[in-house]
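Just so you know, all these numbers are worked out from the coordinates, no wet-lab data involved. Just so we're clear, the structure is a prediction, and the values are computed from it rather than from any experiment. Neighbour counts are summed over all protein chains in view; Cβ atoms, including those assigned to glycine, are modelled from backbone coordinates with ideal geometry.
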Amino acid sequence: MAVLRLILGDQLSPAMSSLTDIDRSEDVVLMAEVMEEASYVGHHKKKLAFVFSAMRHFADELREDGVTVRYVALDESGNQGSLRAEVSRALDECGPFDRVVVTKPGEWRLLSDMEDWANLFGVPVDLRDDDRFIASLEEFSDWAEGRKQLRMEYFYREMRRKTGLLMEGDDPAGGEWNYDQENRKRLPKSKQTPQRWFCEPDETTRDVLKLVETRFADNFGDLRPFEFGVTRQHAEAARDAFLQDILPGFGDYQDAMARDEPWMWHSILSLYLNVGLLDPLDLCARAETAWKAGQAPLNAVEGFIRQILGWREYVRGLYWWKGPEYGRSNFLDAHRPLPEFYWTGDTDMACLADAIGQTIRHAYAHHIQRLMISGNFALLAGLSPDEVNDWYMRVYADAYEWVELPNTHGMALFADGGVIASKPYAASANYINKMSDYCGGCRYDPKTRTGEDSCPFNALYWDFIFRNEARLKDNSRMSLVFRNAERIDGTEREAIQDRAQEILSNL
Ligand code: FAD
Ligand code: DLZ
Ligand code: SF4
């Protein structure tokens, strides 16, 4: 008998486990734009347009391949508003079906809902593993089980061995596993950033833009200009342009930031990877080929592959391994509400204004901006992890909880007490000044920590260290910081704390 197969908005790949055994003569694929998914967080307008348009194009791709697709658009009359209710309606209206097949979603929220569907509908629901990742969840838990520390670097080495990527026999290519020391250059004044691949909206995207404009007018962010690709061909064109022109500089400027330079040498491919328009292993293999062909240096290619084969796989494994409780910890007891400028970019702090401004415009900030600007400020100011997680879920086009939560909760906020990071990524203006040109044009002085012109990151940094001494003192990686803190005499300490209080109360 026929099977109803549900495809979610971030499952846009013909190789989904839910499609492998499809019978084109009788099965139906259901895809539905629903308010529940569009509003469980208030997504950036560009993310909504990207997901809906990519879903519509993927439905066409399946139809061209002979698949029967039932596509429910958001503004279609009769839209039931949730995936659950749309599955129920499809069972009634297009059946009979002897079962529902779906690949597991990328969030605990939706997975626990789906686990009730068989009872609710009275038909078996086959929830299949998502095998678009390089490591299975079993492989991750086998690796993680019993370990005292879950450092990404060791997981990454396992992944290199498993895939053979950048390996010479049993050894890493070039003799080192990690070339990060070579990847910390500041952007020289004379250096031009490369041109990027962007795309004009087609008719389908134009319809979606009108829909988002009317139905989500109050959501965060600018909708236009809308320049993301929305099909597999687009994603592949963006990938090829990156591999050819930009990958060679990826390593050198991986940690650099510059005003009005949102992209630097980053790939802008996470949104395509996360919805299934690109395959992570294939992308890594293509980067390796570029190195073998002499088109990109090893430090760039290793750095890029590590982000995908290492970080992306690691955070996904960790999200599922730690369970739904992971996001509830608050190790640093941080409760301050998110300041208004996170929504508007309206602040005199030039680094934050730049990172948040481009987030509003592009639904994008690169990793160092997310970690060391908006994330670092949230950490130092003791912002509530719930509010910060919610912000990161709302503002980026690539945000899905399996990848957002470990990065924000664990890496940026240290709210998990050190599951992911061996110490908090706390930094003063010194780091930002070293890695960017932000401070040059800022109203604040990056060199001072007290006084009304002193950079807020400085007083907040030391206040963070003083305030969290009891929690962090036993961390051996913090010992140098605490030795430096001891050298700050009582009067100076008081002045720093007063300045921090002043900044915090003006937030
Ligand atoms: P590049 O710098 O070109 O990196 C190449 C690819 O590696 C990315 O496309 C991405 O797939 C992967 N990658 C790189 N770093 C990470 C990482 N730390 N974790 C997982 N994958 C990584 N990434 C998301 O995809 N979605 C999120 O919601 C998200 N939230 C984040 C929140 C915070 C606080 C931080 C610090 C990082 C977050 N990241 C998230 C990771 C990273 O910042 C983005 O993947 C990256 O900025 C996307 O831009 P890009 O494609 O140009 O990446
Ligand atoms: C992100 C998103 C949005 C905005 N809308 C839809 C939708 O209308 N229908 C759908 O099937 N999926 C959507 N998605 C993606 C889901 O939210 C995503 O599958 C889950 O969060 C699990 O990762
Ligand atoms: Fe940011 Fe401080 Fe530098 Fe201004 S001085 S750009 S606030 S780090």
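Details
- Normalised by the number of residues in the chain, the average gap of Cα pairs under 8 Å and 6 or more apart makes the relative contact order 16 percent.
- Nearest-ten-degree value, helix 203-215 long axis tilted from longest Cα axis of the chain: 70 degrees
- The HN-Hα couplings worked out from phi for region 293-301 by the Karplus form 6.51 cos²θ - 1.76 cosθ + 1.60 (θ = phi - 60°) are 7, x, 8, 8, x, 4, 4, 6, 6 Hz, whole numbers, x standing for Gly and Pro.
- Of PRO446, ALA426, LEU379, farthest towards positive along the dipole that unit charges on Lys, Arg, Asp, Glu beta carbons give region 378-455: PRO446
- Residue-wise HN-Hα couplings along region 451-463, as the Karplus relation 6.51 cos²θ - 1.76 cosθ + 1.60 with θ = phi - 60° gives them from phi, are x, 6, 9, 5, 4, x, 4, 6, 5, 5, 4, 6, 4 Hz; Gly and Pro carry x.
- By the count of other C-beta atoms within 10 Å, a proxy for reagent exposure, HIS335, HIS266, HIS409 are ordered fewest to most as HIS335, HIS266, HIS409.
- Amide H contacts for LEU30 (H built 1.01 Å from N in the peptide plane; partners 5 or more residues away or on another chain; cut-off under 5 Å): ARG5, LEU6, ILE7, ARG70.
- Ordering LYS322, LYS191 by the number of other Cβ atoms within 10 Å of each residue's own Cβ, fewest first, gives LYS191, LYS322.
- Of all DSSP beta bridges confined to the chain, the antiparallel ones make up roughly 10%.
- Restricting region 255-305 to chymotrypsin sites (Phe, Trp or Tyr not before Pro) in coil, as DSSP defines it, with at most 10 other Cβ within 10 Å: none
- Cut-off under 5 Å, modelled amide H: who pairs with SER454 long-range: ASP445
- When the Cα positions of HIS335, PRO14, SER25 are compared along the charge dipole of the chain, HIS335 comes out farthest toward the positive end, with charges on each C-beta of Lys, Arg, Asp and Glu.
- For region 3-146, a/c is less than 1.5, where a ≥ b ≥ c are the root eigenvalues of the C-alpha gyration tensor. That puts it in the rounded class.
- Equivalent ellipsoid semi-axes - Cα gyration tensor, the chain, angstrom: 40, 26, 24
- The dipole here belongs to region 3-128: it is taken about the Cα centre, uses +1 on the Cβ of Lys and Arg and -1 on the Cβ of Asp and Glu, and is about 380 debye.
- Relative contact order (percent, whole number), region 1-42, Cα cutoff 8 Å, 6+ residue spacing: 53 percent
- Unit charges on C-beta of K, R, D, E only; dipole of the chain, Debye: 1500 debye
- Pairwise inverse Cα distances across region 249-407, averaged and inverted, put the Kirkwood hydrodynamic radius at 16.9 Å.
- Nonlocal amide H pairs with ARG128, under 5 Å, H built at 1.01 Å: VAL102, THR103, LYS104
- Percent RCO, i.e. relative contact order, over region 292-445, from Cα pairs under 8 Å lying at least 6 residues apart: 27 percent
- Gyration tensor verdict on region 384-472 (Cα atoms; rounded if a/c is under 1.5, prolate if a/b is larger than b/c, oblate otherwise): oblate
- Mean residue ellipticity at 222 nm, helices only, the chain: -12500 deg cm²/dmol; runs of at least 4 DSSP H residues each add -39,500 (n - 2.57), and the sum is divided by the number of residues.
- Helix 490-505 and the longest principal axis of the Cα set of the chain meet at an angle near 40°.
- Tensor-based shape of region 341-505 (alpha-carbon gyration tensor, a/c under 1.5 rounded, otherwise prolate or oblate): oblate
- The angle between the Cα long axis of helix 313-322 and the main principal axis of the chain comes to about 80°, on a 0 to 90 degree scale.
- ³J(HN,Hα), Karplus 6.51/-1.76/1.60, whole Hz, each residue of region 357-373, x for Gly, Pro: x, 6, 5, 4, 6, 10, 6, 8, 9, 7, 4, 5, 5, 5, 7, 9, 10
- For THR20, THR214, THR448, the sequence from fewest to most other C-beta atoms within 10 Å is THR214, THR20, THR448.
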